[in-house]
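In what follows, a single structure is set out as structure tokens and then discussed.
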Amino acid sequence: MTVQKITLVIGASENPERYSNKAIQLLNQYNHPVLALGLRNGMVGPTTIVKDIDAFKSLPIDTVTLYINPQLQATHYTAIMDLKPKRVIFNPGTENLAFESLLNENGILTEEACTLVLLKTGQY
């Protein structure tokens, strides 16, 4: 039996022009289980956007993909590390060497990449 790898999109938006929205849609299209954290509750297709990261603390998160700037990331450092994901993807514009170092020191892989490109090229 194959274990599904859950992806948490941080910075989720209902706006279809936002890359976080596009990532949620593509993750769903490729049948990757996806959860979403945003500033406002909402929906992207079948995926519910929630405002409280603690809603995910008991779930086996494999990948966190970031769509928030480094200043906003700082408020989530501990919560993200407490999720114990296998990796964190820093999408373009979210690069944060200080957070990447902290994650690596705690055994969490980091990747500066575009989730959309990784999905479309079969590298996800």
(message) Consider the stretch 78-107. How many of its residues are more than 13 Å from the chain's Cα centre (by Cα), under 16 Å from Lys57 (Cα atoms) and not polar (S, T, N, Q)?
(response) 1
(message) Return the residues of the stretch 58-84 that are within 15 Å of Leu118 (Cβ to Cβ) and either surrounded by fewer than 22 Cβ atoms within 10 Å (Cβ to Cβ) or of a type in the set (A, V, I, L, M) (or both); say none if nothing qualifies.
(response) Asp62, Val64, Leu66
(request) Being modelled with pLDDT of 95 or more, surrounded by 14 or more Cβ atoms within 10 Å (Cβ to Cβ) and farther than 19 Å from Leu116 by Cα narrows it down to one of Val88, Val34, Val44, Val50, so name that one. (result) Val50
(message) Of all residues being free of Cβ contacts under 8 Å to residues at least 40 places away in the same chain and of a type in the set (S, T, N, Q) in the stretch 18-38, which is nearest to Ile53 (Cα to Cα)? Just the residue, please.
(response) Asn21
(request) Taking only the stretch 58-110 into account, find how many residues are among the acidic types (Asp, Glu) and touching a Ser or Thr at 6+ places or on another chain (Cβ under 7 Å). (result) 2
(request) Return the pairs, sorted by first residue and then second, in which the second residue is of a type in the set (Phe, Trp, Tyr) and surrounded by fewer than 16 Cβ atoms within 10 Å (Cβ to Cβ), the first residue lies in the stretch 101-124 and is in contact (Cβ under 8 Å) with a residue 24 or more places away in the chain and over 17 Å from Arg18 (Cα atoms), the beta carbons are less than 8 Å apart, and the residues are 6+ apart or on different chains. (result) Leu102/Tyr77; Tyr124/Tyr30
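The values are calculated or read from the model by the stated rules, or taken from the named source; none is laboratory data. All of these numbers come straight from a predicted model, not from anything done at the bench. Quick reminder, even Gly has a Cβ in these numbers, built from the backbone with ideal geometry, and neighbours come from all protein chains shown.
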